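Worksheet: the structure to be examined is printed underneath.
Any read-out appearing in this document is the output of simple, stated calculations on the displayed coordinates, not a laboratory observation. Nothing here was measured: the structure is a model prediction, and the numbers come from that model.
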Amino acid sequence: MFAAERRQLILEMVRANGAVSLRELARVVQTSEVTVRRDVRALEAEGLLDRRHGGAVLPGGFTRESGFPQKSHLATAEKTAIADAAASLVEEGEAIVVGAGTTTQELARRLARVPGLTVVTNSLLVAQALAHANRVEVVMTGGTLRGSNYALVGSGAEQSLQGLRVSRAFLSGSGLTAERGLSTSNMLSASVDRALVQAAAEVVVLADHTKLGTDTMFQTVPTDVITRLVTDEPPPHDDRAATELQALADQGVQIAVAGSGTASGAGGGEGARPRREVPLPGQRRTHPALRPAPAALDHPDRARVADLRRR
């Protein structure tokens, strides 16, 4: 494939999906990520797209939200590792809220074997992943179905969350910056996510490295409300992602980086991963050098969470 044809295909993919990872672009055009990165730089110089950490987005700074079919094929390995690490944070018998998204759907699949768990969600995909878990109680919000991401939104969803109190919320979004926190491209989704946050004592954000530094239209969770970020290891060349992680850590967000050796599975029951204690918001550390939990180090074959250290 000639460079002009390759770049045209890259441009069409970004226009169709709003945001595409370099890995996915390389797979589709059947070339290396190095070549794709060069093509993306050339297209950015022409003003046809913008580069982001590990991918490319529509020009203009604010990314357009992709539909579920497109999102489900982006950064799949990263989402799996993040879901594995996030599941190790959940204790037996907890009550949690889980927001909508492809990463939270992966998390839900791993929570299906956590005994005594209660999950409140506005996501049909999360509920479906837990539908046959006989030791997990699923509570759905009300609301109006938003078909693009199979989530319940609107005043019905928000009102059903009033008076609710759970230990922690697991949320994802379209972008995450140290300046604005977590954001999304849809106003109704942002409003429900804010209601989910209000119901939780702690907020855990799940975001792969391609979302770091990306800013979208509607803020859902300010940085100072985020207790912990679970993400994947940025590529070695991605200095901007590492800088964003450091900025988040400097603001008191605990950073957990899912190791490349993260194994699939769920917490609870036989063969469960060791649990990690998550400090309460009032106990949040301001120093970014966070120590790994001893339990995680004692079980190298389990899902590993490597805490970000100051570079």
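Structure above, values below:
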| item | result |
| --- | --- |
| Beta bridges per DSSP with both ends in the stretch 91-156, % antiparallel, nearest 5 | 30 |
| Extension gain (nm, one decimal) between residue 4 and residue 35, 0.36 nm per residue minus Cα-Cα | 9.9 nm |
| Distance from the stretch 72-113 to the stretch 212-245 (C-alpha centre basis), Å | 18 |
